[in-house]
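Nothing in this text is a laboratory measurement; each read-out follows from the coordinates by a stated rule. Everything numeric here is computed off the predicted structure, so don't read it as measured data. As a convention, Cβ positions derive from the backbone with ideal geometry for all residues, glycine included, and neighbour counts pool all protein chains shown.
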Amino acid sequence: MGRYAERVETVGRLLRATALRLVESDPSTSAGVEVLTALCENARLGEIAPAAALQSSTRKKAKKAVNGLPANTARLLYCATQLRDRISLDNWHTVQRLAHAHEPAPQDIEAALTILDQVLPACTALSGYAFDDMTRDDAWRFLVTGRRLERMAVIASVVAQVLARPAEEREAALGALLEMGNIIITYRARYQRQPELLPVLDLLVKDESNPHAVCFQLALLSREVYEFEARLGFRPINNPQPLRHSLRAFDLAELDNLRLSHGEPARFGEALATMLRACERFAHGLSDELSQRFFVHAGERPQASVAA
């Protein structure tokens with residue numbers, strides 16, 4: 001449930017950043033639109049479910065995107081349904097509203113933006129329920145760990161992809177990165193200038209005071225891994241500490257030196273992108289370990305039991 005809740009928010013922010021630039025008439029945003037479109041494609045947001053995978057009752061309807069916002073809100077609702085006795089009434093109602101927020105389906109970008117402007121505050125409400133409305137038991141720990149793993153995986157993936165783009169497209173995407181990380185106000189208060197590469201990377205990657213930064217998530221996941229071992233006797237193979245130390249030691253000034261010396265190299269930021277891809281693999285690896293250790297029974301058929 002934690003991963004799907006965070007995924008709905010990250011998909012919503014990516015779609016809103018893309019839609020906002022599509023409705024603008026400013027030609028200077030075209031490079032940013034191209035980057036955001038590529039991010040959407042890499043996230044497989046437009047992938048359509050094969051006809052054979054659709055139920056007969058749905059084949060007559062419009063084709064369904066398997067990774068879009070409606071699909072992920074439906075998955076979130078399914079998880080919440082299984083946990084109905086563990087979440088508050090307000091939390092439950094918010095999940096239900098999210099699952100139906102896209103109905104009826106929008107027919108233009110303006111209508112889509114209206115829906116996204118309703119979805120994202122609801123996602124913020126879910127985050128508030130998770131961190132301010134639940135008892136800190138083991139169930140809560142799994143929930144927030146899922147949120148942190150998903151957030152880190154998405155931010156790490158997005159930043160790594162942007163670093164691989166040509167200089168013009170990379171610079172044009174910086175504002176969208178701030179929007180996706182929900183840190184526009186933080187950036188303006190701290191730097192008081194237009195988005196620049198190094199400050200944006202510092203906020204999204206290295207800043208352990210920013211709840212949307214990769215290192216922030218690694219720091220908290222290190223604590224969660226310790227708690228899993230202490231409370232549940234579970235020591236995962238995937239350890240966040242080496243990644244955290246590597247990112248903290250990485251000098252962002254090296255990127256600026258590369259950019260200013262004899263033009264830009266063909267593989268700009270490859271070392272940082274490699275670390276970020278390792279963070280993404282770590283997130284998926286730890287998620288798989290937790291699923292196999294604690295939740296593998298969820299995919300099995302229920303078996304009859306005999307009362308003692």
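Numbers for the structure displayed
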| item | result |
| --- | --- |
| Shape of the range 69-175, Cα gyration tensor, a/c cut at 1.5 | oblate |
| Axial C-alpha extent at least 27 Å, average Kyte-Doolittle at least 0.5 - helices from the chain (DSSP) | 109-132, 138-163 |
| 222 nm mean residue ellipticity, helices alone, for the chain (DSSP H n ≥ 4; -39,500 (n - 2.57); rounded to 500) | -20500 deg cm²/dmol |
| Label of the coordinate-derived value, semi-axes √(5λ) of the Cα gyration tensor in Å, listed as [x] 33, 27, 18; [y] 33, 25, 21; [z] 49, 27, 24 | [x] |
| Cα-projected label distance for Asp132 with Ala74, points at 7 Å along beta-carbon direction, nm | 3.3 |
| Selection from Asn239, Gln217, Leu255 lying farthest towards where the dipole of the chain points positive, charges on Cβ | Asn239 |
| GNM result for the chain, Cα springs below 10 Å: residue of Asn72, Asn182, Asn257 fluctuating most strongly | Asn257 |
| Loop-located trypsin sites (Lys or Arg not before Pro) in the range 160-197, at most 11 other Cβ atoms within 10 Å (DSSP) | Arg193 |
| Virtual spin-label span in nm between Ala164 and His245, 7 Å along Cα→Cβ | 2.8 |
| Candidates Ala219, Ala122, Ala105, ranked by Gaussian network fluctuation over the chain, Cα under 10 Å, top entry | Ala105 |
| For the range 80-205: relative contact order, % (alpha-carbon pairs under 8 angstrom, 6 or more apart) | 16 |
| Listed residues Leu218, Leu149, Leu247, most fluctuating in the chain (Gaussian network, C-alpha, under 10 Å) | Leu247 |
| Theoretical gain in end-to-end length, Arg281 to Glu196 [0.36 nm per residue, Cα-Cα removed] | 27.9 nm |
| Loop-located GluC sites (Glu not before Pro) in the range 179-229 whose Cβ has at most 15 other Cβ within 10 Å (DSSP) | Glu196 |
| Electrostatic dipole magnitude of the chain [Cβ: Lys, Arg +1; Asp, Glu -1; Cα centre; debye, to 20] | 920 |
| Two-site FRET efficiency, Phe234 against His100, from Cβ-Cβ distance with R₀ of 35 Å, rounded to 0.05 | 0.40 |
| FRET efficiency estimate (nearest 0.05) - Cβ-Cβ, Arg223 to Glu270, R0 25 angstrom | 0.25 |
